[in-house]
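Below: one structure, written as structure tokens.
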Amino acid sequence: MKPKQTPSQSRTSDLWRRFGGLFGAEAVTRKFGAVPPPEWVGVMGQLTDYQLERGMRRLLHSGKAHVPALPEFRRLCVMLADDDLDPPDLPLLSAPAYPGDGWEIASNRHLLSHIAHQAKKRVYYAGERLTAPLVAYKKAWAQDMREGGESPSVAEQKRTWTECMARADAAIDGLREQAKAA
């Protein structure tokens with residue numbers, strides 16, 4: 001009686017058969033053996049069905065004439081690239097209606113970028129009181145851009161944004177000093 005295979009062993013055995021179909025069973029056996037090595041079983045058990053299919057599709061389209069090594073095949077399975085023409089079906093979530101305009105959206109993106117770039121120098125995550133100046137100056141920047149008539153030049157937008165964030169950071173520093181003094 002044959003021992004029952006684990007799901008990981010089963011999917012790796014299936015992969016071995018598919019490799020045999022692509023490269024010849026003798027080539028697979030010569031390189032790795034007739035039975036998948038435990039390293040292959042372990043790694044294949046960590047991959048999703050979609051990743052395995054992506055790896056096989058990439059292997060087929062690569063034109064390789066040899067059985068890939070484990071790291072090479074795993075990379076084909078997990079590497080993100082533009083060749084994912086048929087990504088897995090994901091639930092489609094509709095975005096809520098956004099009441100803001102383009103300047104509001106731009107100010108949100110600029111603020112996220114500002115916080116990310118300042119993360120090593122400054123801490124903004126100390127509560128609503130300290131983030132309020134950032135939000136206020138972000139909104140002020142959007143309003144300035146909106147009221148500027150014709151669309152301001154990129155250089156003007158950047159200069160104005162830098163000034164607004166400098167004022168916001170100064171306001172935050174003032175709030176921190178007040179908190180230390182209290």
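Observations
- Qualifying positions in region 128-182 - of a type in the set (Ser, Thr, Tyr) and part of a helix (DSSP H, G or I): THR131, TYR137, THR160, THR162
- Residue match in region 114-122 (condition: part of a loop (DSSP other than H, G, I, E, B), surrounded by 12 or more Cβ atoms within 10 Å (Cβ to Cβ) and within 26 Å of the chain's Cα centre (by Cα)): yes
- Residue in region 59-75 that is nearest to PHE19 (Cα to Cα), counting only those that are basic (Lys, Arg) and either loosely packed, with under 14 Cβ neighbours inside 10 Å or at pLDDT 90 or above (or both): ARG74
- Boolean, VAL28 is assigned by TED's automatic domain parsing to the domain that holds HIS61 and surrounded by fewer than 16 Cβ atoms within 10 Å (Cβ to Cβ): no
- VAL28 vs. criteria in a helix (DSSP H, G or I) and either aliphatic (A, V, I, L, M) or more than 17 Å from SER8 (Cα to Cα) (or both): yes
- When region 1-17 is filtered for residues that are under 18 Å from GLN46 (Cβ atoms) and in a helix (DSSP H, G or I), the ones remaining, listed by number, are PRO7, SER8, GLN9, SER10, ARG11, THR12, SER13, ASP14, LEU15, TRP16.
The values are calculated or read from the model by the stated rules, or taken from the named source; none is laboratory data. Because the structure is predicted, anything quoted here is derived from the model rather than measured. Every residue, glycine among them, receives a Cβ derived from its backbone with ideal geometry; neighbour counts consider all protein chains shown.
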